[in-house]
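One structure is given below, encoded as structure tokens.
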Amino acid sequence: MNPFKKLMQISRGKSPWIYCLNTGACNGCDIEIAASLTPRYDAEQLGVRREGSPKHADILVVSGPVTLRTRDALLNIYEQMPNPKAVVAVGSCPASGNVFAGSPTIFGAVDQFIPVDVYVAGCPPRPQAILQGIAEAAGILAAGKQKNLMEAKK
Ligand code: SF4
């Protein structure tokens with residue numbers, strides 16, 4: 001591999017910038033994500049930084065099931081993120097639809113539309129688990145083993 005590309009790849013793993021997206025969560029997971037980024041849990045020791053634009057982010061952190069109204073936004077934001085990128089699904093909702101499954105306004109799991117690299121279990125998961133999921137995703141990026149769009153279930 002080109003040494004410059006290799007350096008970029010390692011840097012991404014050491015300092016992942018994340019973009020958080022709620023696709024229809026009850027906000028329980030979002031509160032835990034916000035808590036995980038406070039000084040109490042010291043996400044910056046992992047180099048994690050919350051980014052306001054998907055165009056500058058390495059990792060997409062998704063909470064909630066995909067709804068009829070948020071599917072297009074999810075796809076749009078995923079497309080805006082530069083490659084390589086990884087996706088972390090926080091909580092049971094983006095993994096399965098959870099308590100919202102079967103609702104006429106819900107599509108369900110996120111991996112029907114975009115590939116998910118790390119699932120963080122829980123309803124909601126604790127901040128430590130969320131940080132661990134982000135760290136795993138950073139490791140996947142550093143190793144160049146992230147999934148691509150072809151690996152979404154569709
Ligand atoms: S996993 Fe639980 S806490 Fe998180 S959005 Fe779904 S219902 Fe809410």
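Structure above, values below:
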{"quantity": "From N83, N76, N148, residue being modelled with pLDDT of 95 or more and open to solvent by 10 Å² or more (accessible area, probe 1.4 Å)", "calculated": "N76"}
{"quantity": "Selection from region 9-28 of residues that are polar (S, T, N, Q), in a helix (DSSP H, G or I) and more than 14 Å from A137 (Cβ to Cβ)", "calculated": "S11"}
{"quantity": "Tally of residues being under 19 Å from A109 (Cα atoms) and modelled with pLDDT under 95 across region 120-145", "calculated": "0"}
{"quantity": "Residue list for region 42-68, filter: in contact (Cβ under 8 Å) with a residue 40 or more places away in the chain and open to solvent by 50 Å² or more (accessible area, probe 1.4 Å)", "calculated": "L46"}
{"quantity": "Residue in region 6-14 that is in contact with a Cys (Cβ under 9 Å, 6 or more places away or on another chain) and not aliphatic (A, V, I, L, M) present", "calculated": "no"}
{"quantity": "Condition check for I33: β-branched (V, I, T), away from the ligand (no atom under 16 Å from the Cβ) and either over 27 Å from S92 (Cα atoms) or surrounded by 16 or more Cβ atoms within 10 Å (Cβ to Cβ) (or both)", "calculated": "no"}
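The values are calculated or read from the model by the stated rules, or taken from the named source; none is laboratory data. The model shown is predicted, which means the values in this text are computed figures rather than measured ones. Reconstructed Cβ throughout: ideal geometry from the backbone, glycine too, with neighbour counts over all protein chains shown. Just the protein is used for accessible areas: all its heavy atoms, side chains included, with ligands, DNA and RNA removed. Shrake-Rupley method; radii C 1.70, N 1.55, O 1.52, S 1.80 Å.
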